[in-house]
Structures are given as structure tokens and as C-alpha cells.
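Colleague: Pasting in a structure now, in C-alpha cells, and then I'll have a few things to ask.
Read the figures in this text as sums done on the coordinates, not as results from a lab. Since we're looking at a predicted model, the values are computed, not measured. A quick note on method: Cβ atoms are made from the backbone with ideal geometry, for glycine too, and the neighbour counts reach across all protein chains shown.
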Amino acid sequence: MLDGFLALYIFMLAAFTGYEIIARVPVILHTPLMSGSNFIHGIVLVGAMIALGHARTPFEMCIGFVGVLLGAGNAAGGYVVTERMLEMFKTSKPGKDSGGAK
């Protein structure tokens with residue numbers, strides 16, 4: 001029982017700390033931060049898969065499955081958002097027509 005409370009305490013502390021850190025990031029640094037932290041999402045996903053692999057009860061399996069699902073969504077979403085934000089900084093090629101008639 002104590003291990004569960006300790007794990008919950010660590011989770012709540014990590015969530016609060018993460019929120020405080022991300023809330024203080026300037027807008028100009030958000031894209032590099034997202035790009036640099038995408039590898040962390042992969043680590044979280046691997047951890048969730050390991051936890052799911054060690055699950056014994058149906059409740060543990062359900063929690064593990066939800067963890068894998070959310071971790072995979074977070075990793076994929078991070079890469080999609082980073083790609084979209086980096087598209088804003090690309091210049092158009094000089095030989096391409098911009099869509100207007102000449």
C-alpha cells in the first residue's frame with residue numbers, strides 16, 4: 001500500500017514540476033523544445049510497454065494499455081506538431097509558381 005502512495009506522490013510531483021517548467025518556456029523556444037523532447041516521449045512509451053509486459057491483474061493490464069496508448073499518441077503528436085511548426089520556417093522554392101495566373 002505504501003508503494004502505491006509513493007508512486008502516486010512521485011507522479012503528482014513530476015506532473016506539477018513539468019507543468020511549471022513548460023509554462024515558463026518562451027514562445028520562441030517552444031519549437032526547439034518540442035523537437036528536443038520528442039525522444040523523451042519514446043522513452044515513456046518504452047516504459048509503458050515494459051509496465052504492460054509485467055502486468056498481472058486485469059486492472060494493471062488496463063492501466064498499462066492506457067499508458068501505451070497515451071504514450072504512443074504523445075510521441076506521434078509531438079512529431080506531427082514539430083513538423084508543422086518547422087514548415088512555417090521553410091522558404092518557397094524560386095522555380096515554383098505561387099498559384100497565380102500570369
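Colleague: Using packing as a proxy for protection, rank 13-26, 42-55 so that the peptide with the highest average count of other Cβ atoms within 10 Å comes first.
Modeller: Put in order of decreasing packing, that is 42-55, 13-26.
Colleague: To continue, here is another question. Using a Förster distance of 22 Å, how high is the FRET efficiency between Ser37 and Leu8, based on the Cβ-Cβ distance and rounded to 0.05?
Modeller: Approximately 0.40, to the nearest 0.05.
Colleague: Could you work out how much longer the chain between Phe89 and Ile22 gets when fully extended? Use 0.36 nm per residue separation minus the Cα distance between them, nm to one decimal.
Modeller: 21.9 nm
Colleague: Here's another thing I want to ask about it. Given all pairs of different Cα atoms, what value in angstroms does the Kirkwood hydrodynamic radius of segment 41-82 take?
Modeller: 10.3
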